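S.K.: What follows is a single structure, and I will ask about it in a moment.
The values are calculated or read from the model by the stated rules, or taken from the named source; none is laboratory data. Just so it is clear, the structure is predicted and the values come from calculations on it, not from any experiment. In this analysis, Cβ positions are derived from the backbone assuming ideal geometry, glycine residues included, and neighbour counts consider all displayed protein chains. Surface accessibility is based on the protein's heavy atoms, side chains included, excluding ligands, DNA and RNA. Shrake-Rupley method; radii C 1.70, N 1.55, O 1.52, S 1.80 Å.
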Amino acid sequence: AVGVTCLMFGSIAFFGTVVVLPLWLQSYQGYTPLWAGKVIALGGVLPLILGPIIGANIHRVDARAVATFGFIVFAIVAFWSSRFTPDVDYWTVALTRLFMGIGISCFFLPLVTINLSGLAPSQIAAATGLQNFMRNLGSSFGTAIITSLWDHKGIEHHARLTEHVTAYNPLATRYLDQLQTTGLTAEQALAQLDRTLTTQAYLLSTNAVLCISGMLMIALIGLIWWAKPPFTVRAVAD
């Protein structure tokens, strides 16, 4: 129960960020689908290397400790990513995904071990099906919830930023005057300002979503320690 619950909520945080980040890069940072894919693909490099190592040695350490380390790494990278600025470069974004791979490696494998622990061989198939169902449920819900939250937060931040664009705000009027000196009409200057505000608003929304995902992972640390060792499969069926 503890393992599949952590797996479901962890999948919500993980798959939500996997969907939102390339969406933001392509919509507001000028990335093509190819380059956005290159950013996300780096998240699979370290799991490919560390997966066999962790899998071969997971029985030697407490699976809860490994999962806790994975949650912490995921949260640290999420908080790091939540400090992105509009001029963030490719390698800064890519490195966050690369280090996220450490958290992914120490997240899924220990939870699988915990989920199957203490079960008779005849129960393994049902337990595996249940954990796959919960992971798929978390990924589906995470994609829908996080994407919806990202869009709503973007609209909210855009509304708040727009409140400062008035004739009584010297910063706003100065910026509009600078745009018009480049040859833009008043309407074109306002349209350009609106695009700038939209870009800023969805950056703030992306940062907020990443921060929420990090906090969700931190919350799972307290839950994972409710799982009871030893984390091994029973040798004899009931």
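S.K.: What are the residues in the stretch 1-25 that are within 27 Å of A36 (Cβ to Cβ) and either open to solvent by 10 Å² or more (accessible area, probe 1.4 Å) or not in a helix (DSSP H, G or I) (or both), if any?
M.R.: Keep residues of the stretch 1-25 that are within 27 Å of A36 (Cβ to Cβ), which gives 7-25.
M8, F9, I12, F14, F15, V18, V19, P22, L23 - these are the residues of the stretch 1-25 that are within 27 Å of A36 (Cβ to Cβ) and either open to solvent by 10 Å² or more (accessible area, probe 1.4 Å) or not in a helix (DSSP H, G or I) (or both).
Conditions tested, residue by residue: (1) among the hydrophobic types (A, V, I, L, M, F, W, C); (2) closer than 30 Å to A201 by Cβ.
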{"site": "F74", "(1), (2)": "yes, yes"}
{"site": "P86", "(1), (2)": "no, yes"}
{"site": "G101", "(1), (2)": "no, yes"}
{"site": "N115", "(1), (2)": "no, no"}
{"site": "G154", "(1), (2)": "no, yes"}
{"site": "H158", "(1), (2)": "no, yes"}
{"site": "T173", "(1), (2)": "no, yes"}
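S.K.: Checking the structure you have, find out if any residue of the stretch 193-210 is under 18 Å from A78 (Cβ atoms), modelled with pLDDT of 90 or more and open to solvent by 50 Å² or more (accessible area, probe 1.4 Å). Before you say what the answer is, go through the steps one by one.
M.R.: Filtering the stretch 193-210 for residues under 18 Å from A78 (Cβ atoms) gives 202-210.
The next check asks that each one be modelled with pLDDT of 90 or more; those that pass are 202-210.
The next check asks that each one be open to solvent by 50 Å² or more (accessible area, probe 1.4 Å); those that pass are 204.
Checking the stretch 193-210: at least one residue is under 18 Å from A78 (Cβ atoms), modelled with pLDDT of 90 or more and open to solvent by 50 Å² or more (accessible area, probe 1.4 Å).
S.K.: Considering each residue of the stretch 106-132, count those that are closer than 30 Å to V77 by Cα and out of contact with any Gly (no Cβ under 6 Å at 6 or more places or on another chain), and give that number.
M.R.: The first filter runs over the stretch 106-132 and keeps only residues closer than 30 Å to V77 by Cα, leaving 106-117, 128, 130-132.
Imposing the further condition that a residue be out of contact with any Gly (no Cβ under 6 Å at 6 or more places or on another chain) reduces the set to 108, 110, 112-113, 116-117, 128, 130-132.
Total satisfying the criteria: 10.
S.K.: Also: For the stretch 52-60, indicate whether the set of residues that are under 22 Å from I146 (Cα atoms), in contact (Cβ under 8 Å) with a residue 12 or more places away in the chain and open to solvent by 30 Å² or more (accessible area, probe 1.4 Å) is non-empty. Before you say what the answer is, go through the steps one by one.
M.R.: Step one: list which residues in the stretch 52-60 are under 22 Å from I146 (Cα atoms), which gives none.
Scanning the stretch 52-60, I find no residue that is under 22 Å from I146 (Cα atoms), in contact (Cβ under 8 Å) with a residue 12 or more places away in the chain and open to solvent by 30 Å² or more (accessible area, probe 1.4 Å), so the answer is no.
S.K.: For the stretch 71-88, which positions are more than 16 Å from L46 (Cβ to Cβ) and open to solvent by 30 Å² or more (accessible area, probe 1.4 Å)?
M.R.: Those that are more than 16 Å from L46 (Cβ to Cβ) and open to solvent by 30 Å² or more (accessible area, probe 1.4 Å): F79, R83, T85, P86, D87.
S.K.: Could I ask something else about it? Take the residues of the stretch 161-171 that are assigned to a helix (DSSP H, G or I) and without any contact (Cβ under 8 Å) to a residue 40 or more places away in the chain: which is least open to solvent (accessible area, probe 1.4 Å)? Don't jump to the end; show me each part of the working.
M.R.: To start, the set of residues in the stretch 161-171 that are assigned to a helix (DSSP H, G or I) comprises 161-162, 170-171.
Filter once more, keeping what is without any contact (Cβ under 8 Å) to a residue 40 or more places away in the chain: 162, 170-171.
Working: T162: 58, P170: 77, L171: 116 Å².
Among those that are assigned to a helix (DSSP H, G or I) and without any contact (Cβ under 8 Å) to a residue 40 or more places away in the chain, it is T162.
S.K.: Also, I was wondering about something else. Determine whether the stretch 133-141 contains at least one residue that is farther than 30 Å from V61 by Cβ and either open to solvent by 50 Å² or more (accessible area, probe 1.4 Å) or among the hydrophobic types (A, V, I, L, M, F, W, C) (or both). Before you say what the answer is, go through the steps one by one.
M.R.: The first filter runs over the stretch 133-141 and keeps only residues farther than 30 Å from V61 by Cβ, leaving 140-141.
Subsequent filtering for residues that are either open to solvent by 50 Å² or more (accessible area, probe 1.4 Å) or among the hydrophobic types (A, V, I, L, M, F, W, C) (or both) retains 140-141.
Among the residues of the stretch 133-141, at least one is farther than 30 Å from V61 by Cβ and either open to solvent by 50 Å² or more (accessible area, probe 1.4 Å) or among the hydrophobic types (A, V, I, L, M, F, W, C) (or both), which makes the answer yes.
S.K.: Separate question: If you check P110 against the conditions, is it farther than 25 Å from G37 by Cβ and open to solvent by 40 Å² or more (accessible area, probe 1.4 Å)? So that I can check it myself, show each step before the final result.
M.R.: Details: farther than 25 Å from G37 by Cβ: yes; open to solvent by 40 Å² or more (accessible area, probe 1.4 Å): no.
It is false that P110 is farther than 25 Å from G37 by Cβ and open to solvent by 40 Å² or more (accessible area, probe 1.4 Å).
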